[in-house]
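*Asks:* Sharing a structure here in structure tokens format.
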Amino acid sequence: METAHAWLWLIPLLPLAGAALCGALHFMTLNTRRSEPASAGVSLAAPWIACTAMLAALILSFQGLFDLRALAVHERALTSTVHHWITIGDAFAVDLALVLDPLSSTLSLVITGVGFLIHVYAAGYMKGDPGYAKFFAYLNLFVFAMLMLVLSSSLLGVFIGWE
């Protein structure tokens, strides 16, 4: 298990955590929304949670870019392996790992940068909607899937991100 770049997992996991928290906020307001319209104030925390998760992922994406630039040109790849998923002899192995190379670094910067701007815009645009927290939960979940698609080290991981 490689732990030198374990922070790479925070890039997709921060939006996933934001999605879980926004989803929890949505479920907290479901029962009280029918009887008390004032309970919508709880869901006003959702854009703050979602935007903070996106901003933190953007900052970590920049950290990855700076770490890549510090490496020699032929060594520009950061890998973080969590688990050896499937191993068949010496011929075939699939790891649960993330790889940050120059292309995936660029794409993660685009995903987190544009995603953060979309989150900020949507915070004002969607204000007052009854499904405010649910919207941000889905938006953060979508960003998580895109980041897994871009950062995965295997085609099986890309497929999971695609799904």
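Rule-based calculations on the coordinates, nothing more; no lab input. In this text, all values refer to a predicted model and were calculated from it rather than measured experimentally. Here the Cβ is made from the backbone with ideal geometry for all residues, glycine too, and neighbour counts use every protein chain on show.
*Asks:* Please compute the volume of the convex hull spanned by the alpha-carbon atoms of the chain and report it per residue in Å³.
*Replies:* 115 Å³
*Asks:* Quick one: Cα convex hull volume of the stretch 99-163, Å³ per residue?
*Replies:* Roughly 65 Å³ of hull volume per residue.
*Asks:* What does the highest-first list of 62-69, 146-153, 45-52 look like by mean Cβ count within 10 Å?
*Replies:* The densest-packed peptide leads the list: 146-153, 45-52, 62-69.
*Asks:* Also, I was wondering about something else. In the stretch 127-163, which residues have a backbone nitrogen under 15 Å from the label point lying 7 Å from VAL94's Cα in the Cα-to-Cβ direction?
*Replies:* 149, 152-163
*Asks:* Mind listing the phi-derived Karplus ³J(HN,Hα) values for the stretch 46-55, rounded to whole Hz, using 6.51, -1.76 and 1.60 with θ = phi - 60°, and x for any glycine or proline?
*Replies:* 4, x, 5, 5, 5, 5, 5, 4, 5, 5
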